[in-house]
Amino acid sequence: MPPPVFRFAPSPNGYLHLGHAYSALLNFDAARRSGGTFLLRIEDIDATRCRPEFETAIYQDLAWLGIAWELPVRRQSRHFSGYRDAIERLSARGLVYPSFESRAEISRLVAQKEADRPWPRDPDGAPLYPGAAKLLSPDRRAELLESGAPYALRLDMAAAARLAADLAWVERGEGPGGETGTIAARPEAWGDVILARKETPTSYHLAVVIDDALQGVTDVVRGQDLFWSTSVHRLLQSLLGLPAPVYRHHRLILDSAGQKLSKSTAATGLRELRAAGATPADIRRLVGLA
Ligand code: GLU
């Protein structure tokens with residue numbers, strides 16, 4: 001067996017906190033223990049939220065923790081053309097369509113539907129896409145695209161799931177409900193997910209599966225909040241002919257009120273803890289990795 005490849009893939013849209021430290025250390029330690037490789041990937045596709053100072057801080061905070069990574073670091077914003085190619089491949093198979101509703105229109109449509117009965121929500125609690133853009137005539141679609149209207153490119157989930165039925169993944173950690181072992185993927189639970197937007201030629205789901213494959217990642221170790229996203233990742237891997245890594249979803253580090261940590265809470269930020277005199281060994285202890 002070739003040595004395993006692990007990765008830590010933060011988005012530079014805030015400063016790292018204890019939850020990131022836990023994830024990064026789990027990956028780094030596992031790579032070291034197994035004689036494998038540890039990669040750092042910067043997931044900076046969202047130009048409106050990502051900032052260079054956050055990226056610099058990621059390098060500083062991880063180095064301070066004693067983590068070392070391979071160079072060069074892959075930065076997703078440099079690889080938009082690769083993601084575009086993948087969307088074109090899916091489009092060519094009739095699996096992608098543009099939708100033109102704004103977020104406000106989508107909320108309105110969901111509210112209308114909910115007047116009758118509860119509208120289905122995805123595993124993150126967001127309503128499934130309620131629109132009918134899939135049914136637009138080719139002429140109307142072309143007209144809207146030519147008008148310069150903003151759009152989102154969506155995966156036709158029903159068609160995609162027909163092409164790739166009965167997918168599963170190997171889970172070495174566990175899901176939020178304790179799910180472990182071989183997990184049946186349920187991509188339909190996400191509805192017609194967005195694969196790209198007019199101004200951002202990829203989504204998290206698409207970029208993550210392409211990069212994990214391109215970088216030869218064998219083991220994805222990440223937070224339980226992404227457990228059910230793996231259903232979409234398995235579907236995209238299958239449609240694009242990419243290998244499936246093994247997954248280990250780890251517990252989340254919660255704050256004293258039992259909430260998921262946010263990038264804006266100073267109390268658990270690595271920079272704040274460092275400024276207050278914490279050592280890297282203290283951070284390991286705080287996340288239960290002594
Ligand atoms: N970039 C994602 C995040 O910061 C993590 C992606 C992943 O590990 O699959 O939440």
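Since every read-out is calculated from the coordinates, none of them should be taken as a lab result. Given the structure is predicted, the values throughout are model-derived calculations rather than measurements. Don't worry about glycine lacking a Cβ; one is built from the backbone with ideal geometry, like all the others, and counts go over all protein chains shown.
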Quiz prompt | Anisotropy class of region 70-183 from Cα gyration tensor, a/c 1.5 cut | solution = oblate
Quiz item: Sorting Asp124, Asp282, Asp44 on the 10 Å Cβ count, fewest up front, what's the list?
Solution: Asp124, Asp282, Asp44
Quiz item: Taking Cα centroids, how far is region 189-223 from region 121-172 in Å?
Solution: 15
Exercise. With runs of 4+ DSSP H residues as the only contributors, calculate the mean residue ellipticity of the chain at 222 nm using -39,500 (n - 2.57) per run, divided by the residue total and rounded to the nearest 500.
Key: -11000 deg cm²/dmol
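Do me a favour and compute the ellipsoid semi-axes for region 218-286 from its Cα gyration tensor, root of five times each eigenvalue, largest one first, whole Å. Could the numbers behind the result be given before it?
Details: eigenvalues 215, 38, 21 Å².
They are 33, 14, 10 Å, listed from largest to smallest.
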Practice problem: Compute the signed sum of charges (Lys and Arg +1, Asp and Glu -1) over the other residues within less than 13 Å, Cβ to Cβ, of Glu171. | Solution: +1
Self-check item: Overall dimensions of region 128-274 by Cα: Rg and Dmax, Å
Solution: 18.3, 59
Quiz prompt | Local electrostatic count at Asp282 - Lys and Arg +1, Asp and Glu -1, tallied over other residues with Cβ under 15 Å | solution = +2
Quiz item: Sorted from fewest to most neighbouring beta carbons within 10 Å, what does the list Thr218, Thr180 look like?
Solution: Thr180, Thr218
Exercise. Arrange the following residues from fewest to most other Cβ atoms within 10 Å of their Cβ: Phe8, Phe80.
Key: Phe80, Phe8
Quiz item: Two-decimal Rg/Rh of the chain from alpha-carbon positions, Kirkwood Rh?
Solution: 0.98
Quiz item: When you count, for each residue, the other Cβ atoms within 10 Å and take the mean per peptide, how do 53-60, 273-280 rank with the highest first?
Solution: 53-60, 273-280
Exercise. Could you give the size of the charge dipole of the chain about its Cα centre, using +1 on the Cβ of each K and R and -1 on the Cβ of each D and E, expressed in debye and rounded to the nearest 20?
Key: 280
Practice problem: Would you be so kind as to identify which of Leu144, Ala185, Ile87 lies farthest towards the positive end of the dipole of the chain, taking Lys and Arg as +1 and Asp and Glu as -1 on Cβ and the Cα centre as origin? | Solution: Ala185
